[in-house]
Amino acid sequence: MDLSQLPQQIVNGLMLGGVYVMVAVAFTLIIGMLNFLNFTVPALFMLASVLMWAILEGHGIALDLTATAVLLVLAMMAADRLQHAELPAPVKSGAALGLAAGALLIFWQIIASKPGDEVFAWLDAATGKGGRWVVGIFVALFTVSVLSLLIERFTYRYMKAKYGDATEHALPLVSSLGFLIVIEHTVISTWGSDALTTASPFGNASFEVGPVLFSVPQLLSLILSLAIVFGLSVMLKTTKLGRALRSIAERPDTAPLMGVEVGRIVPVVYVITGLLCAIAGILFTINYTTVDAYVGDTVATVAIAGMVLGGLGNVWGAIVGALFIGMVEVMSIYMVGATFKKIPIWGLLLLILIVRPTGLFGHTAIGKGKF
Amino acid sequence: MADDVLSIEGLHKSFGGLKVIDDVGFAVKRGSRTALIGPNGAGKTTIFNLLTGVYPVDGGTMVLDGRDITHVPAKDRVIFGMSRSFQNIRLMPHLSTVENVMLGQHARARRLGDLLYPLGFRPRNRWATAAKEALEEAGLETYPGQVVANLPYGVQKRIEVVRAMVSQPRLLLLDEPAAGLNQVEAQQLLALLEKVSESGVTLLVVEHDMHFVHNLCDHVAVLNFGKKIFEGTPAEVNDDPLVREAYLGSDTSMAGRGAAEGAADAS
Amino acid sequence: MSGYLESQLIILCLNVIYAYGIFLPAASGQLNLGAAGFITIGAYASAWFNASGVPMYLAIPAAMVFAATIGFVIAFPILRTRGVYMVLATFAFAEVVAGLIINLEFLGAAAGYPVDSHADYLVVVPVTILVVLLCFFLMSTRLGLAMRSIHDDEAVATLFGVDVRLAKVAAFTLGAALMSLGGALYAHHYNYIETQTFNVLVSIYILLYVLLGGTQTAWGPLIGAAFFTIVPEALRQIATASGQAWIAESRFIFFGAIIVLMMVFRPEGLVTRTLIDRIAMPFGGRSGPARAAGAV
């Protein structure tokens, strides 16, 4: 084995871990707060990276899809208002029908006229291709966090089990798998399941420190992810919102009694999760320039391993765990071979779950025994 | 003593430094109807949970019918002749009435042959028939096939008693059987318990409703803050100064107080 | 039988067998996201026995025994975990199995592994029927009653003398044996296996069949697997026949949307206990011994 490559491999491991960090934190937030393994995280991550790719490549349909998603969420919110409004039942159902019909009409309009292409023509004329960057980042962040709100309605809202027995806690897990399927297949039916490539704006920008090569965008991404997660944990510790979130995590039943509006706070958790996934997805596209419809599955499953390593619900644990698992992945590929990487990662996860389910750092895990 | 079906000595249990049960000891005579009463948080349900093995004890012994059950695993205690009902109904919501009762038979059917006996394929098998008969005896024959989650509260309470009875216990533990029942339902339950008691089963009842206790029980033990403060007949209990102090610190009639408390208890 | 129908029938049968393998633990309240692991073990074990000269009719049971042994051994540590931890642990187990096999040269490693003996539908279909009958029988026994009680309330089941660990381990081990049976039949029907076939999506879909079918009765996995195998295929056929390619392209989007909506409107699965009662006794209210023993 050529040990002279070791420092470079360690750096590569950290960089790879940097990709996992935000996804792992997204998982751990929802598990910690709401006791539920959110399988839409891989889908949201993938959607952000693919949207970023599509807009960089000037695919107008990405904007059409975004418009559709926003429309869905608006219709849902209107329906929500309607449900609480004091109106006679026939008026309510009539309005709901009208709402659905209107949404469908606009949806077809979008599909048929493809306004996205025109937007791109206008955008490129006005800004050259530079404008696509701004639009791409904005659209990915916006769409994914808005979709996360939609997901909240169908997972958290319905997770209260009727009898409180074992498998009914699987309810939100199953709906999140449903969303995973919807989002993945929307992407597949739009762009296919093959690899999608774009050119990196940074080219091969890099610098060397001794024998070690640092890629500039990767280093920036790592720093950015750590900074964001750091900011998040400071927010959790110090702000009023953070206190409310922690009180829900610790005592979901009594939090409402302490004046925490669970119904308003929980969507915030989902939006934060969505934003984390979106940022991670955008950075992934910029760094690796190749995405596909299954990239979320690949990244998120490893991120789950990192999260468990750090202890469910433990933000700092998720960071260390994700960096560590990135290192394990790179090292096992470097030392044994690419096909070997599954054994150490998943073996470690299995071992941790059985021997020390609270994770390496021994914080009391939230989410013990239920979803 | 030979005629004690249950005797507890020096029982201790703490939860995180809080002494919930502190040196409690009492005996339940065979064939008696003993009530275990006390204010909220006195440790009554904890005693039931220690007896049935939900929690391990911190100290002390529990002897059931001459056999030390202190360290017997929870799943085996029912075979030694002890069965219970629960404060909040804990029937299996997705099982029918008969199936719930057949679960009570489990203690008598733990061999491999019994485990693989098809209860559902042959409707007239002996287990199902026995379960149906037990329900009929309790006056519940109209509900056998229904999923219990949709049945009235009082009926569910009685099904719990039937379920506990089919394990053929010598000692039946009842955790607030009358809580949440209306007058009629309480009367029906009382009649059922009278019948159970006459068949030779010893009753140990945790109850807040003192009317119910007076009607059913012949012996009372009172707990307060994890300690036994009184043991005697229901007639004596009202006059005991310690008991009155434990409940109110005043001399208001305990019966009225106890009945009012019954509905809201969560000890 | 036409080639097309036969191929669809085989897929349906395999899905049903897999689904029962996940159903048995699920009926006693355990979520197993490791289906792919046991399917892989069954497929490779049977193929290897077969390649070593054991005839198929012995290789498949041998593979089942092998997988059941592994299931039994890992059941003890895995059943110590609960809820979301168990989902993750079984999932990790499946990944470890895939990681191990892809590194074993004598099982073909990443190149895949050819399988000698062929099993056509005349083997697969009767075996599937046997599996279904076995599971219906099992759920009707006292063991099945104990499993359903554990699903509803583990603590109370214990107090009535149910050996909770025994029942859970039995359900998990039998489930492992069934999934490996499905895997072995897959290997012998397609005569070629590779680890990538049995990926995490397979585990997810099988768990979905079971949870969407309903875990309360033995009908659940049968209806769930059948519904979610037949409907997407039917949509594909409709798309081909009508020339509307978008139906085929977007059928999985509908599938996902159905899952989400089902969790809202029918969270206990397609087939519930109450539904079976209603079908068995369409006029309701009447009670007799038949009703007393209840649906399976």
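Bear in mind that the values in this text are calculations on the coordinates, not laboratory data. Nothing here was measured: the structure is a model prediction, and the numbers come from that model. FYI the Cβ positions are ideal-geometry reconstructions off the backbone, even for glycines, and counts take in every protein chain you see.
When peptides A:9-16, B:40-47 are ranked by their average number of other Cβ atoms within 10 Å per residue, the highest-first order is B:40-47, A:9-16. For peptide C:247-259, the mean count of partner chain Cβ atoms within 10 Å of a residue's Cβ comes to 5.
Legend: mean number of C-beta atoms from other chains within 10 angstrom of residue C-beta atoms, peptide B:138-148, equals 4. Rounded to whole numbers, the Karplus 3J(HN,Hα) couplings from phi for the stretch C:59-75 are 5, 5, x, 4, 5, 5, 4, 4, 5, 5, 4, 4, x, 4, 5, 7, 4 Hz, using 6.51 cos²θ - 1.76 cosθ + 1.60 with θ = phi - 60°, and x at Gly and Pro. Mean residue ellipticity at 222 nm from the helices of chain C, using -39,500 (n - 2.57) per DSSP H segment of n ≥ 4 over the full residue count, to the nearest 500 deg cm²/dmol? My calculation for chain C gives -25000 deg cm²/dmol from helical runs alone. For C:Ile193, nonlocal amide neighbours, meaning residues 5 or more places apart or on other chains whose placed amide H falls under 5 Å from its own, are C:Tyr113, C:Val115. Computed from point charges on the beta carbon alone (+1 for Lys and Arg, -1 for Asp and Glu), the dipole magnitude for the stretch A:9-150 about its Cα centre is near 140 Debye.
Among C:66-78, A:84-96, the peptide with the highest mean count of other Cβ atoms within 10 Å heads the list, and the full ranking is C:66-78, A:84-96.
Converting phi to 3J(HN,Hα) with the Karplus coefficients 6.51, -1.76 and 1.60 and the offset θ = phi - 60°, the stretch A:284-299 yields 4, 4, 5, 7, 9, 6, 10, 10, 8, 5, 9, 4, x, 4, 4, 6 Hz in sequence order, with x at every glycine or proline. Of the peptides B:70-83, A:234-247, C:164-177, A:170-183, the order by per-residue mean of other Cβ atoms within 10 Å, starting with the highest, comes out as A:170-183, C:164-177, B:70-83, A:234-247. Taking amide H as placed 1.01 Å from N in the peptide plane, C:Leu104 has its amide H under 5 Å from the amide H of C:Ala109, each at least 5 places away in sequence or on another chain.
Here the 3J(HN,Hα) profile of the stretch C:11-28, calculated from phi with Karplus coefficients 6.51, -1.76 and 1.60 at θ = phi - 60°, is 4, 4, 4, 4, 4, 5, 4, 4, 4, 5, x, 7, 5, 4, x, 5, 5, 9 Hz, Gly and Pro shown as x.
How much mean residue ellipticity at 222 nm does chain B get from its helices, if each DSSP H run of length 4 or more adds -39500 (n - 2.57) and you divide by all residues, to the nearest 500 deg cm²/dmol?
It lands at -9500 deg cm²/dmol.
Taken residue by residue and averaged, Cβ atoms of other chains lying within 10 Å of the Cβ of B:107-117 number 4. Using a/c under 1.5 as the rounded threshold, could you call the stretch A:1-115 rounded, prolate or oblate? The axes a ≥ b ≥ c are square roots of the C-alpha gyration tensor eigenvalues, and prolate needs a/b larger than b/c, oblate otherwise. Oblate. Among the listed pairs B:Lys157/B:Lys195; B:Lys13/B:Lys228; B:Lys13/B:Lys75; B:Lys29/B:Lys195; B:Lys13/B:Lys44; B:Lys157/B:Lys228, which have their C-alpha atoms separated by more than 22 angstrom in this model? In this structure, B:Lys157/B:Lys228 exceed 22 Å between Cα atoms. Relative contact order for chain C: 30 percent, from Cα pairs under 8 Å spaced at least 6 residues apart, divided by residue count. Scanning residues 5 or more positions from B:Ile229 or on other chains, those with amide H under 5 Å from its amide H are B:Val222, B:Leu223, B:Asn224, with H placed 1.01 Å from N in the peptide plane. In terms of its C-alpha gyration tensor, the stretch C:1-77 has an oblate overall shape, because the principal axis ratio a/c (a ≥ b ≥ c, square roots of the eigenvalues) is not below 1.5 and a/b does not outweigh b/c. Membrane-span-like helices of chain B, defined as complete DSSP H segments with a Cα extent of 15 Å or more along the helix axis and a mean Kyte hydropathy of at least -0.5, are identified as B:153-165, B:183-198. Placing unit charges on the Cβ atoms only, positive for Lys and Arg and negative for Asp and Glu, gives the protein assembly as shown a dipole magnitude near 380 debye about its Cα centre. Here the sum of -39500 (n - 2.57) over DSSP H runs of 4 or more residues, divided by the residues of chain A, equals -25000 deg cm²/dmol at 222 nm, to the nearest 500. If you take the Cα centroid of the stretch B:122-155 and the Cα centroid of the stretch B:1-78, the two points sit 31 Å apart.
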